[in-house]
Amino acid sequence: MSELKVDGPPAIPPPDRHQIERLNSLYRIVDETPSGGGLKARLASGVRRLLGRVLSRQQEFNAVVVDHLNRNMAVGVEAHHASLKTIDWIGGAVDRCEGAKDEIQRHLEALLARERRNDTAVAALAAQHEELRAAVGVLQQAAHALRRAVENPKPQIPNPKSQDSSPEPRVPSPGSQFDDLDSHKYVGFEDQFRGSPEEIRRRVEEYLPIFEKTNDVLDVGCGRGEFLELLRERGIRASGIDVNPAMVEV
């Protein structure tokens, strides 16, 4: 049988064939040598036969032990082969697990990078949403101002000092020409920098205990009316005033 060769020292040493071969040759106690024709040879042959009769039981025992060792030797060689195959399989399984671990680690890093990109995109979308909300607020207030201008046009007052009896159109002063525009711009400014109505509600809600069991509360500078809404929800009658017509419209 050829020697097994493995890379590195094996986990289980192979059986020692050298000792088995020595047992196979040394288990005989009395050698069976052919007898010669001389007196010395005949005497030696007689002594061997005598010793063979005396030590036959020992030699049978030695033969049984050597046979048992030879059988175990074959089983040991097969077990050694099987153990080497098992070690190789375990080594391959460990390598596959390491490869899978590296693949999972790379996949996890890719997911984390994608999550960071998604967070950045969401933050950008949130900023754009705030800008859009402010712009929509400005447009809404401008629409309110235009609607008020259409529904309630300002009467033209004739000039009593004019010699012509026909009324002249009133030219608005620069200060009054942009009042409505400035009003709804201020509403948009508050939406952008002061906070949304929901956020203002949360801020002023802490003042509600002061107004418990009261009525006819006047909110001077009520703005968009967040505090008035909180009072109404608690059954407190309240009114508000503000110099900004766009705020009053809201």
- line: Scanning region 204-231 residue by residue, those more than 27 Å from N152 (Cβ to Cβ) and either outside any helix (DSSP H, G or I) or in contact with a Pro (Cβ under 6 Å, 6 or more places away or on another chain) (or both) turn out to be E212, K213, T214, N215, D216, V217
task: Would you point out the residue of region 219-231, among those that are under 48 Å from the mean Cα position of the chain (by Cα) and acidic (D, E), that is most open to solvent (accessible area, probe 1.4 Å)?
output: E229
- prompt: Out of (1) among the polar types (S, T, N, Q); (2) at pLDDT 65 or above; (3) under 21 Å from H129 (Cβ atoms), the odd one out for T214 is which?
  reply: (3)
task: Could you list all residues from region 232-250 that are open to solvent by 50 Å² or more (accessible area, probe 1.4 Å), more than 24 Å from V136 (Cα to Cα) and either among the aliphatic types (A, V, I, L, M) or part of a helix (DSSP H, G or I) (or both)?
output: R232, E233, I241
message: Among the listed residues L108, L69, L125, L112, identify the single one that is touching a helix residue (DSSP H, G or I) at 6+ places or on another chain (Cβ under 7 Å) and part of a helix (DSSP H, G or I).
response: L69
message: Scan region 110-124 and tell me whether some residue there is open to solvent by less than 70 Å² (accessible area, probe 1.4 Å) and touching a residue at least 12 places away in the same chain (Cβ under 8 Å).
response: no
query: Among the residues of region 7-20, is there at least one that is among the small types (G, A, S) and modelled with pLDDT of 65 or more?
result: no
message: Looking at region 72-82, can you tell me whether even one residue there is within 25 Å of the chain's Cα centre (by Cα) and without any contact (Cβ under 8 Å) to a residue 60 or more places away in the chain?
response: no
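The values are calculated or read from the model by the stated rules, or taken from the named source; none is laboratory data. Keep in mind that this is a model prediction, so the values were computed, not measured. Counting neighbours? That spans all protein chains shown, and the Cβs are built from the backbone with ideal geometry, glycine included. Areas reflect the complete protein model, heavy atoms only, side chains present, ligands, DNA and RNA absent. Shrake-Rupley method; radii C 1.70, N 1.55, O 1.52, S 1.80 Å.
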